[in-house]
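Participant: Attaching a single structure in structure tokens format; questions to follow.
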Number of protein chains: 2
Amino acid sequence: MAIQNYRWRQHEADEGHQRLQKKRVTLADVARLAGLSTTAASMILTGRPDTRLSADAHAKVHAAAASLGYRPNAAARALRTDKSRTIAFISDYVATTRFASGLIRGALAAAEEAKHVMLVLETGGEPAREIEAVEAALDRQVDGLIFAAMRAREVFVPDIAISIPVVMLNGTSGRFPVSVLPDEYQGGRDAVRLLAEAGHVADIILLGHNAEEEAGLFRSETISRRFAGIRDEMAARGLTFMAELSCWNWEPDHGYGLTRAQLQKQRPRAMLCLNDRLAFGAYQALAEAGLSIPDDVALVSFDNDELASYLRPGLTTIALPHEEMGRTAVELLLHPQGSAGATLPMPVVWRGSIRTERPGS
Amino acid sequence: MAIQNYRWRQHEADEGHQRLQKKRVTLADVARLAGLSTTAASMILTGRPDTRLSADAHAKVHAAAASLGYRPNAAARALRTDKSRTIAFISDYVATTRFASGLIRGALAAAEEAKHVMLVLETGGEPAREIEAVEAALDRQVDGLIFAAMRAREVFVPDIAISIPVVMLNGTSGRFPVSVLPDEYQGGRDAVRLLAEAGHVADIILLGHNAEEEAGLFRSETISRRFAGIRDEMAARGLTFMAELSCWNWEPDHGYGLTRAQLQKQRPRAMLCLNDRLAFGAYQALAEAGLSIPDDVALVSFDNDELASYLRPGLTTIALPHEEMGRTAVELLLHPQGSAGATLPMPVVWRGSIRTERPGS
DNA sequence: CACTCCTGCTAAAACCATTTAGCAAATGCC
DNA sequence: GGCATTTGCTAAATGGTTTTAGCAGGAGTG
């Protein structure tokens with residue numbers, strides 16, 4: 001009797017505690033309030049099509065769910081259905097390049113629209129961390145994997161059995177055919193076209209030549225295609241470069257140094273820069289030499305780094321459509337279209353570094 | 001009989017299929033191989049302290065788990081324990097400022113070290129999305145919430161019952177006391193000290209004054225403290241600004257315009273810029289006026305944007321320790337220290353925009 | 001010997017949702 | 001009226017883990 005009493009009190013105390021902690025509302029609570037079974041509640045709330053439950057039942061369940069503020073327990077659902085409404089975004093580097101944030105932002109937005117959430121994992125390109133990342137994601141029953149290559153170089157292929165959709169973002173892999181890439185080839189052609197249409201048919205410098213990269217030695221499909229586009233459009237117009245300035249890292253420093261050295265030999269009238277950071281360096285060297293942009297020297301570049309809008313005059317550049325790429329990767333992941341990936345156009349962003357009437361298109 | 005046969009084949013086909021798909025190995029599989037109960041396997045693999053299982057049992061279970069490549073099902077574990085080894089990083093903007101990637105990168109690294117993964121959510125500062133984000137995170141049983149304020153302005157307080165640890169990152173909230181902030185006050189003092197120690201005791205311009213911000217009207221603890229530090233150090237040294245150039249958005253454009261206008265009135269010998277983008281604009285105006293840095297005009301700035309290293313000469317700046325902040329937020333989330341937050345020092349990054357012998361510290 | 005206390009282990013419940021199989025009543029059909 | 005079909009709903013199994021409660025057998029104690 002004493003024990004009974006004690007238990008009862010204990011129980012009461014627990015009840016109070018629960019009320020305080022607002023213990024999560026479960027489907028059973030909803031069903032109880034609606035006066036139906038959990039089966040009915042589940043079917044109604046998940047919007048099953050072929051159920052024969054009455055309109056009255058629907059109304060009661062929805063009302064109960066709303067009044068209790070029911071939210072399904074994702075873990076329980078994932079356990080049962082093997083789906084988690086979660087996707088994993090596994091990238092080599094998140095912060096190193098600023099590309100990352102655009103890709104992530106686009107992916108995040110698309111995921112949110114599809115009522116999914118995104119797990120972000122960084123591997124630094126290290127195989128051990130890649131494996132850990134994939135397994136961590138798989139453990140959590142993610143519905144799909146995005147492998148994002150920020151540096152667009154090596155293709156990572158963690159050798160784990162993966163039975164969910166995979167999309168490669170800004171990179172390719174022999175193992176996973178669907179990838180989202182910028183249309184670097186057309187971008188390359190466009191860059192040359194821009195210069196040519198502005199009247200530049202001679203005295204053009206190529207800044208950022210890199211033979212290994214161009215040969216695709218790093219399997220960087222993307223960059224070698226950028227070169228191919230440039231070469232093809234130059235050839236199609238019968239143009240040649242006055243010089244090709246080579247370097248490995250496309251950083252401002254190199255852009256500055258190479259341009260400066262070039263200016264002491266022969267002055268170009270136009271520069272085609274392989275990325276905005278190189279162009280930034282070129283700006284510095286040109287300013288130092290007292291040359292004005294675009295009148296003395298015109299520049300066209302690639303990426304549409306934030307930098308490009310900070311320069312004076314603004315840098316006309318062929319943009320990498322990062323947000324679109326991230327978004328597309330998620331959409332392709334959630335709604336696979338066979339094994340076809342996507343190649344997204346690189347829009348021309350007109351600023352002041354090249355003088356021309358903007359053509360219609 | 002025919003049906004039987006069919007079923008049997010079907011079954012066999014299924015088996016083959018499963019073998020192909022490498023259906024996940026479960027704890028029961030491990031227990032079976034080890035010849036023990038799942039209870040024993042669970043206790044051993046989770047490393048329970050007070051269990052009385054034999055050394056032999058331990059060995060057998062570990063061997064079985066290893067040989068099968070067992071990985072626990074996170075959903076099942078989360079359902080049972082209410083812990084998911086997942087944290088949610090909810091921020092207003094991911095891509096708008098480049099700060100984001102540093103914060104995320106630091107947080108990601110710390111999470112990985114603690115064997116956690118990170119859910120990234122973006123709200124755009126919109127209340128409806130904030131609520132959605134918090135609920136999505138809570139639904140997934142995350143172990144903690146980080147609210148990151150990229151813009152360091154408004155403090156968001158989605159009014160939802162939250163019973164897990166919360167850390168504010170780069171922002172504050174009345175509701176959640178523990179926050180991780182840069183030591184802007186000391187940063188402000190340091191910036192002035194740098195100038196003074198380089199001999200600049202007059203003709204100093206403050207670029208980026210903003211009365212509202214300084215008054216803390218946007219509850220931006222951080223920025224108003226940066227101002228406070230600057231003011232206090234100026235006062236302590238008996239210095240005053242030659243002029244304070246005000247603007248709202250700290251973008252290069254404004255830095256350029258304000259500096260240019262200032263140069264037509266009165267030439268400063270030093271400039272204290274509220275961020276690197278403003279300093280960038282100042283560089284442009286100074287270059288245009290034919291002034292050299294640091295000989296004609298010295299600059300000190302804040303943030304250590306990637307930009308700062310691109311400039312020539314490099315920009316000396318008081319760095320925001322983004323990675324450290326992200327890392328600290330996660331550590332504080334996983335190992336709460338009462339209601340104490342963290343204030344992280346802003347390191348001085350010496351480059352060439354101010355001439356001085358580097359002091360010891 | 002009768003008793004308690006360890007030791008080494010396990011059965012079964014619990015977590016919460018989804019889903020399969022099926023039941024009872026009502027309806028339709030001839 | 002007898003039969004099959006439809007309607008509207010539910011019991012119970014399922015997913016994989018953790019955890020509570022407790023069992024059998026051996027050792028120790030008086």
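Participant: The range B:309-344: which residues show an accessible-area loss of 40 Å² or more, assembly versus chain alone, 1.4 Å probe?
Facilitator: For the range B:309-344, once contacts with the other chains are taken into account, B:Tyr310, B:Arg312 lose 40 Å² or more.
Participant: I would also like to ask the following. Excluding residues on the same chain fewer than 8 positions from B:Lys23, give the lysines whose Cα lies under 30 Å from its Cα.
Facilitator: Leaving aside lysines fewer than 8 places away in the same chain, those within reach of B:Lys23 are A:Lys83, A:Lys115, B:Lys60, B:Lys83, B:Lys115.
Participant: Ok, one more. Using the 7 Å Cα-to-Cβ label point, sort the distances from A:Asp232 to its equivalents in the other copies shortest first and give them in nm to one decimal.
Facilitator: Counterpart label points of A:Asp232 in the remaining copies fall at 6.3 nm.
Participant: Would you mind giving the total buried accessible surface between chains B and A, with a 1.4 Å probe and ligands, DNA and RNA left out, rounded to the nearest 100 Å²?
Facilitator: 4500
Participant: Related question: Once Rh is set to the Kirkwood radius over Cα pairs, what Stokes-Einstein translational diffusion coefficient, in µm²/s, holds for chain A at a temperature of 4 °C and a viscosity of 1.567 mPa s?
Facilitator: 54
Participant: I would also like to ask the following. Just for chain B, what percent of DSSP beta bridges are antiparallel, to the closest 5?
Facilitator: For chain B, the DSSP antiparallel bridge percentage is about 5.
Participant: Using a 1.4 angstrom probe on the protein heavy atoms only, could you order B:Arg355, B:Arg226, A:Arg129, A:Arg77 from most to least accessible area?
Facilitator: Sorted by accessible area, descending: B:Arg355, A:Arg77, A:Arg129, B:Arg226.
Participant: Can you give the longest stretch of chain B with no exposed loop site, where a site means GluC sites (Glu not before Pro) in a DSSP loop (not H, G, I, E or B) with at most 15 other C-beta atoms within 10 Å?
Facilitator: No qualifying site falls inside B:155-356, the longest such stretch.
Participant: Normalising by the residue count of chain B, find the relative contact order in percent from Cα pairs under 8 Å and 6+ residues apart.
Facilitator: 16
Participant: A further question follows. Measuring nothing but label to label, 7 Å from Cα along Cα→Cβ, what are A:Pro49's distances to the other copies in nm, shortest first?
Facilitator: Relative to the other copies, A:Pro49 has label-point distances of 5.5 nm.
Participant: Over 5 Å intervals from 0, what percent of Cα-Cα pairs in the range A:82-182 sits in each interval?
Facilitator: The percentages, shortest bin first, are 2, 14, 26, 28, 21, 8, 1.
Participant: How far is A:Glu135 from the same spot in each other copy, in nm, shortest first, if each label point sits 7 Å from Cα toward Cβ?
Facilitator: Spelled out, the distances from A:Glu135's label point are 3.6 nm.
Participant: Oh, and also: Could you state, as a whole-number percent, how many of the C-alpha pairs of the protein assembly as shown are farther apart than 48 Å?
Facilitator: Here the tail beyond 48 Å accounts for 28 percent of pairs.
Participant: Relative to the longest principal axis of chain B, what angle (0 to 90°, nearest 10) does the C-alpha long axis of helix B:2-21 take?
Facilitator: That helix lies at roughly 30 degrees to the long axis.
Participant: Round to the nearest 10 and report in Å² the accessible area of B:Trp250, as given by a 1.4 Å probe over the protein chains' heavy atoms.
Facilitator: About 40 Å², rounded to the nearest 10.
Participant: Can you give the helix-only mean residue ellipticity at 222 nm for chain A, where every DSSP H stretch with n ≥ 4 adds -39500 (n - 2.57) and the sum goes over all residues, rounded to the nearest 500 deg cm²/dmol?
Facilitator: Taking each H run of at least 4 residues, the total per residue is -14000 deg cm²/dmol.
Participant: Ok, one more. Work out from phi, with θ = phi - 60° and the Karplus expression 6.51 cos²θ - 1.76 cosθ + 1.60, the ³J(HN,Hα) of each residue of the range B:294-310, listed in order in whole Hz, and give x for Gly and Pro.
Facilitator: x, 5, 7, 9, 9, 10, 10, 9, 10, 3, 6, 4, 4, 2, 4, 7, 7
Participant: In degrees between 0 and 90, to the nearest 10, how far off the longest principal axis of chain B does helix B:127-139 point, with axes built from Cα atoms?
Facilitator: The answer is roughly 30 degrees.
Participant: Considering every residue in B:100-108, what mean count of other chain Cβ atoms within 10 Å of its Cβ is obtained?
Facilitator: Other-chain Cβ atoms within 10 Å of each residue's Cβ, averaged: 5.
The values are calculated or read from the model by the stated rules, or taken from the named source; none is laboratory data. These numbers were taken from a predicted model, which means no experiment stands behind them. Cβ atoms come from the backbone with ideal geometry, glycine included; neighbour counts cover every protein chain shown. Heads up: the accessible areas ignore ligands, DNA and RNA and are worked out on the full protein's heavy atoms, side chains in. Shrake-Rupley method; radii C 1.70, N 1.55, O 1.52, S 1.80 Å.
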